[in-house]
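Undergrad: First the structure, then my questions, so here it is.
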Amino acid sequence: MTDNDDLFGGAAAKRATPASARNAAVKVSRAAPQQGTPGEAGYDASAIEVLEGLEPVRRRPGMYIGGTDEKALHHLFAEVIDNSMDEAVAGHAAFIEVELEEGGWLSVTDNGRGIPVDPHPKFPKKSALEVIMTTLHAGGKFDSKVYETSGGLHGVGVSVVNALSEILEVEVARGQTLYRQVFARGLPQGKLETVGRVLNRRGTRVRFKPDHQIFGKDARFQPRRLFKMARSKAYLFGGVEIRWKCAPSLIEGIENVPAEATFKFPNGLKDYLLHDIEGKELVTDQIFSGKITKPGSHGSLEWAVAWMTNEDGFSTSYCNTVPTPEGGTHENGLRIALLRALREHAERVGQSKRMAAVTTDDVMATCASMLSVFIREPEFQGQTKDKLATVEAGRIVENAIRDTFDHWLAAAPQQANKLLDWVIDRAEERLRRRQEKEVARKTATRKLRLPGKLADCSNAGAKGSELFIVEGDSAGGSAKQARDRATQAVLPLRGKILNVASAGREKLHQNQQLSDLVQALGCGTGSHYKSSDLRYEKVIIMTDADVDGAHIASLLITFFYRQMPKLIDDGHLYLAVPPLYRLTQGSKSAYARDDADREKLLKTVFKGNGKVEIGRFKGLGEMLPAQLKETTMDPKKRLLLKVVVEADDKPEASDTVERLMGNKPEARFAFIQERAAFADEADLDI
Ligand code: 0RA
């Protein structure tokens, strides 16, 4: 142990507060009215001012430390250590010691210049120390340069910690003298006293116990949280030594929190990043890091960036040593700087075309980054105030890093090209994934969004429901009126549909008629076909009983055969058989499907008995809805042909379809009739 290690000595630090001092200021305390009578009259007067100064903090702690929860509790520590940090960063202190004691005491000690103890110019009866400890925002008034460096910038000041501490002791070793003052809930428990002479020692110790009245009776400092905070402070102020001490009883059963540790990271954030990405494979051997300090003025920053090959990226950022887990303007500045410098490099090496697709997200996808900025009067955003909002910060970071990164890339072209290829690969991968996603989404929405032309049935499941694919809008209109709304859906198709046997994939996807059909069926096509998603038990092609109708039917069958063969295999596809003729004789009437059927009827049902009127339907649209229902749609009366590919035909079926789907509709019609003839009783649905 060096002299400095034993800065104040345990005895002095833990000495009890003298009773006289404790009584001195308390009577005027509105915050603690239960306490005793005043001592010296002069001291009371100043105590009143003090109380008026800190009372708002006790009344509304949230206004000053963002709440009274665990985060706020640990903020007290940040506030105290930041003051010592300022002293260290200004070069006045070489180390800072943090100690968590049993009983909830936390102390922060530095070997800096010590808080000034001489009478305060504005309040000659008080020491500067007392004014600092008891006045809001008093810190910076003494030596503004010191407080511009770090946490003092965001800090509400150590007086807030004082106000929210049950007890707070300050000890200052300055000018070979040790001074001490004790406060309770912000109230001085006596004047600053001289404890004695100290040789070769200087600095400040703040030792405090958070007030349970504010933070609740169960509030405790968490060793792990303090440990991590202390360590990150050391990373954020490269070169400053932070010594950690914790009562062993407090870390029993807690892993990775030692009773003692020393943090000193000469390379600051670079060390931090290297620690975080230890063992990870990197795209470039070197990590990109830097530091720009402008002592006395605002806008200092430090960063460290590395690209990993197999890991998701992460960004850790701070503003004035306050973590900003939600990022903000400074992080955005970094991202943009990296992208722009890479763009410039791409231009230099003739890769700007490929680089055009790259976004900041591609650059950051596997990038591990650490960023720390120091700015004056930062503004934070978001629910938890975890996001930096100061616009200026983004600009400062972007300008500084863009330049430096540009140089870094230019200085090591091989490494730069490796990185360039890497980010371009990320962009291309992203575009590929997006395309796949879009296709997947489209299929998904198709399932959900039914085509406008579809008159769907009201039945929920596929079982028992039928879809009539009808030729033309007018037939569609009749069919919609003729149907049983509960079980029968109607999809009208306009005119001839695309011949899938001769059209390319692209055309197929663009075809509105077919895509309406696919949407209505819901089961997908090709390799995406899913039986369980088919929305109907029977899919019925209902076209006019003429050559054109046959053509459309064969085009549709071809479509199903090519795109949803399983739908046919599973026996879902049918042909409706509408009549071609209506025969009337007096009150008697009947329908004939074709010429042969007509002749048969004439010879049987209408034999003799006078003149038979024979009407020929030009199309389904000409039929009255009632007629259409009676002849073609009503499950009790209609004739349906099931479309099957016979096992024997299977080997050449594909060739046959190919052959017949040329430009000979008659050949196709013949084919359909041929198949219809093969349909045996079991396949007929009467
Ligand atoms: C104001 C002025 C000076 C130092 C400090 C404050 C100071 C504050 C803290 C808080 C914790 N440790 C600290 N160390 C120093 C400069 C006084 C001078 O000029 O000597």
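The values are calculated or read from the model by the stated rules, or taken from the named source; none is laboratory data. Values in this document were obtained by computation on a predicted structure and should not be read as measured data. The area values use the complete protein model at the heavy-atom level, side chains included, leaving out ligands, DNA and RNA. Shrake-Rupley method; radii C 1.70, N 1.55, O 1.52, S 1.80 Å.
Undergrad: Using a probe radius of 1.4 Å on heavy atoms only, what accessible surface per residue do you get for segment 410-536? Whole Å² is fine.
TA: Value for segment 410-536: 54 Å² per residue.
Undergrad: If the limit is 26 Å between Cα atoms, which of K463/K636; K600/K637; K453/K650; K507/K566; K270/K437 go over it?
TA: From K463/K636; K600/K637; K453/K650; K507/K566; K270/K437, over 26 Å: K453/K650; K270/K437.
Undergrad: At 1.4 Å probe size, with no ligands or nucleic acids counted, give the accessible surface of R432 in Å², nearest ten.
TA: The value for R432 is about 130 Å².
Undergrad: Given a 1.4 angstrom probe, I'd like the percentage of the accessible area of segment 55-105 that is carbon and sulfur, rounded to a whole number.
TA: Of all accessible area on segment 55-105, carbon and sulfur atoms account for 47 percent.
Undergrad: Counting C-alpha atoms alone, how compact is segment 234-366: give Rg to one decimal and Dmax as a whole number, in angstrom.
TA: 18.3, 63
Undergrad: Moving to a separate point now. Expressed as a whole number of Å, what is the distance separating the alpha-carbon centroids of segment 463-506 and segment 295-358?
TA: Centre-to-centre (Cα) distance: 57 Å.
Undergrad: Aspartates and glutamates near K385 by alpha-carbon distance under 12 Å, same-chain residues fewer than 8 away left out - which ones?
TA: Partners found: E326.
Undergrad: Further question on the same structure: Roughly what % of Cα-Cα distances in segment 169-223 sit above 13 Å, to the whole percent?
TA: It works out to 66 percent of all Cα pairs.
Undergrad: Please list, or write none, the aspartates and glutamates whose alpha carbon is within less than 19 Å of the alpha carbon of K122, excluding same-chain residues fewer than 8 places away.
TA: D44, E49, E52, E130, D143
Undergrad: Run the numbers on segment 250-326 and let me know its relative contact order in percent, using alpha-carbon pairs under 8 Å that are six or more apart.
TA: It rounds to 23 percent for segment 250-326.
Undergrad: So with the 1.4 Å probe, I'd like the accessible area per residue for segment 174-241, rounded to whole Å².
TA: With all protein chains present, segment 174-241 gives 42 Å² per residue.
Undergrad: Straight-line reach only, C-alpha to C-alpha below 20 angstrom: list the aspartates and glutamates that K618 could link to, leaving out same-chain residues fewer than 8 apart.
TA: E471, D473, D544, D546, D548, D594, D595, D597, E599, E630, E666
Undergrad: Could you list log10 I(q)/I(0) for segment 544-645 at q = 0.11, 0.16 Å⁻¹, which the Debye formula gives when each Cα is one point scatterer?
TA: For segment 544-645, the Cα-only Debye profile gives -0.41, -0.77.
Undergrad: Just list whichever of K228/K291; K71/K245; K125/K191 have alpha carbons separated by over 18 Å in the model shown.
TA: Beyond 18 Å: K228/K291; K71/K245.
Undergrad: Taking 0.36 nm per residue of sequence separation and subtracting the Cα-Cα distance, how much length would be gained by fully extending the chain between A486 and D118, in nm to one decimal?
TA: Answer, rounded to one decimal: 123.1 nm.
Undergrad: Ignoring any ligand, DNA or RNA, what whole percent of the accessible area of segment 349-501 comes from carbon and sulfur when the probe is 1.4 angstrom?
TA: 49 percent
Undergrad: Something else: Accessible area per residue, 1.4 Å probe, Å², for segment 571-632: what's the number?
TA: That works out to 55 Å² per residue.
Undergrad: Counting only protein heavy atoms, what percent of the accessible surface of segment 229-346 is carbon or sulfur at a 1.4 Å probe?
TA: Reported share for carbon and sulfur atoms: 45 percent.
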